[in-house]
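Worksheet for the structure shown next.
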Amino acid sequence: MSVIEVTGGKPLRGEVAVVGAKNSVLKLMAASLLAVGKTTLQNVPNIVDVVIMAELLRRLGCSVQHDVENRSVTIDVPDLIEHRADYDLVRQMRASICVLGPLLARTGQAEVAMPGGDAIGSRGLDFHIAGLHQLGASVTSEHGYLVADTKGMHGASMTLDFPSVGATETLLMAAVLARGVSVIDNAAREPEIVDICSMLETMGAKITGAGTSTLEITGVESLSPTTHHTVSDRIVAGTWAVAATMTGGEITINDCHPEHLEIPLNKLSDMGAEVSSTQTSVKVSMNSRAKAQDIVTLPFPGFPTDLQPQFIALNSVSDGAAMVTENMFEARFRFVQELARLGANVKTDGHHALVRGVERLSGAPVEATDIRAGAGLVLAGLVAEGKTVIHGVEHIDRGYTNFVPDLKRLGADIERVD
């Protein structure tokens, strides 16, 4: 087990590059199951979840080559694949559920353990199951597994009660090989959805409406393997933007898409940061104490829930008070109990958190409970007096590539210690 030790007080300055999105690449890896042959993904982040997904695909019968140096993964999918995703892997990350749709489409059956992942609240699979039923599948829960089978998927019109990213991905990947036309209304609009649609289209899928709330999919008989460049990680880019603002530094964030972060960057500007961007980079600088700003998380294009802990950390040292409203995951505020150990003044009530900024935080040992909470605690440590020791580093490893080395290059006093 490792910990991260941070001694606060140094502004971050320099440039950093963003690689592919965790929330996209895992789904792209699952989508490779839809075509026999070698699919290559580029701009792949070197994170633990990619290693877990690669092992899951191997157990399904694929050959997987992960080239860390060149940031690529090549998946060779055989004619016949297995259909069972075991608990020991699925429990480690919720994204494993994304193999459900491809397995059903390719083999007509699937057994996928009920997923695990971050402790940020319940994330039911009702939307996945209801949509698959409409596409012609039978789905039951048996002994901790989702067991699905079909004698043939057919087109259907589906409306999601909530624009769930996971359900949109599952139904999309199931529908691309179904007979006829399928429509997903109130679909998720996240950049990661656009990314998977783009990859599927290069494989031969017929999809219209990517990036809108209505997806129309015309099923095809088969798909072909492809090479695809993973979209950059907007949450990692947002984390660096917050880090520059919190520490009173200046960071140029390269290889990103500023349009995917319009609301968070506007919030940083309202807090007093100077924000300028090009098509593929954004520069954030700060030379004063931030002004507290309210945050309300919503599905894209709203404020992303995955940046909520980082902005709570920022508000905790800002001038004034701010209300943070979490509309996505009810347990995401577990993180503030650890932030309070550093001296933050945060009171929670249901899905609201009132953050009153303090002049300074004080270093202490803390525990990361999920990926983004871990990032938020590291950012808090960067501005705390003395040393902050962050435990639960394995969570951070699931979402951030070279986090500690990049922070050191930007000037942070930080070490990873076994």
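Identify, please: which residue in the stretch 248-265 is touching a helix residue (DSSP H, G or I) at 6+ places or on another chain (Cβ under 7 Å) and in a loop (DSSP other than H, G, I, E, B) and is, among those, surrounded by the fewest Cβ atoms within 10 Å (Cβ to Cβ)? That would be His257. Among the conditions (1) within 23 Å of the chain's Cα centre (by Cα); (2) assigned to a loop (DSSP other than H, G, I, E, B); (3) buried (at least 16 other Cβ atoms within 10 Å of the Cβ), the only one that Phe162 does not satisfy is (3).
Let's see how each residue does on (1) under 19 Å from Ala237 (Cβ atoms); (2) in contact with a Leu (Cβ under 7 Å, 6 or more places away or on another chain); (3) surrounded by fewer than 21 Cβ atoms within 10 Å (Cβ to Cβ); (4) among the polar types (S, T, N, Q):
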{"residue": "Thr348", "(1), (2), (3), (4)": "no, no, yes, yes"}
{"residue": "Leu379", "(1), (2), (3), (4)": "yes, no, no, no"}
{"residue": "Lys387", "(1), (2), (3), (4)": "no, no, yes, no"}
{"residue": "Val404", "(1), (2), (3), (4)": "yes, no, yes, no"}
{"residue": "Arg409", "(1), (2), (3), (4)": "yes, no, yes, no"}
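Restricting Leu56, Leu80, Leu89 to residues that are part of a loop (DSSP other than H, G, I, E, B), of a type in the set (A, V, I, L, M, F, W, C), assigned by TED's automatic domain parsing to the domain that holds Gly108 and touching a residue at least 12 places away in the same chain (Cβ under 8 Å) narrows the list to Leu80. For the condition aromatic (Phe, Trp, Tyr) and more than 26 Å from Ile414 (Cβ to Cβ), Phe300 qualifies. Being on the phi < 0 side of the Ramachandran plot, in contact with a Cys (Cβ under 6 Å, 6 or more places away or on another chain) and small (Gly, Ala, Ser), is that true of even one residue in the stretch 192-210? Yes, the stretch 192-210 contains a residue that is on the phi < 0 side of the Ramachandran plot, in contact with a Cys (Cβ under 6 Å, 6 or more places away or on another chain) and small (Gly, Ala, Ser). Filtering the stretch 339-362 to residues that are farther than 16 Å from Glu385 by Cβ and among the basic types (Lys, Arg) leaves Lys347, Arg356.
Look at (1) of a type in the set (Lys, Arg); (2) in contact (Cβ under 8 Å) with a residue 40 or more places away in the chain; (3) more than 15 Å from Thr226 (Cα to Cα) and you find that Lys27 fails only one, number (3). Residue-level analysis places Gly272 among those that are on the phi > 0 side of the Ramachandran plot and free of Cβ contacts under 8 Å to residues at least 60 places away in the same chain. Tallying residues that are loosely packed, with under 15 Cβ neighbours inside 10 Å, within 30 Å of Gln134 (Cα to Cα) and of a type in the set (A, V, I, L, M, F, W, C) within the stretch 53-106 yields 1. Taking the numbered list (1) crowded, with 20+ Cβ neighbours inside 10 Å; (2) part of a strand (DSSP E or B); (3) not aliphatic (A, V, I, L, M) in turn, Thr40 passes all entries but (1). For the structure I just gave you, tell me whether Glu111 is of a type in the set (Asp, Glu), surrounded by 16 or more Cβ atoms within 10 Å (Cβ to Cβ) and either at pLDDT 95 or above or over 29 Å from Arg398 (Cα atoms) (or both). Answer is no for this residue. Please determine whether any residue of the stretch 1-23 is of a type in the set (S, T, N, Q), at pLDDT 95 or above and under 24 Å from the mean Cα position of the chain (by Cα). Checking the stretch 1-23: not a single residue is of a type in the set (S, T, N, Q), at pLDDT 95 or above and under 24 Å from the mean Cα position of the chain (by Cα).
The values are calculated or read from the model by the stated rules, or taken from the named source; none is laboratory data. Keep in mind that what you see is a predicted model, and the values were worked out from it rather than measured. Methodologically, a virtual Cβ is constructed for each residue, glycine included, from the backbone with ideal geometry; neighbour enumeration extends over all protein chains shown.
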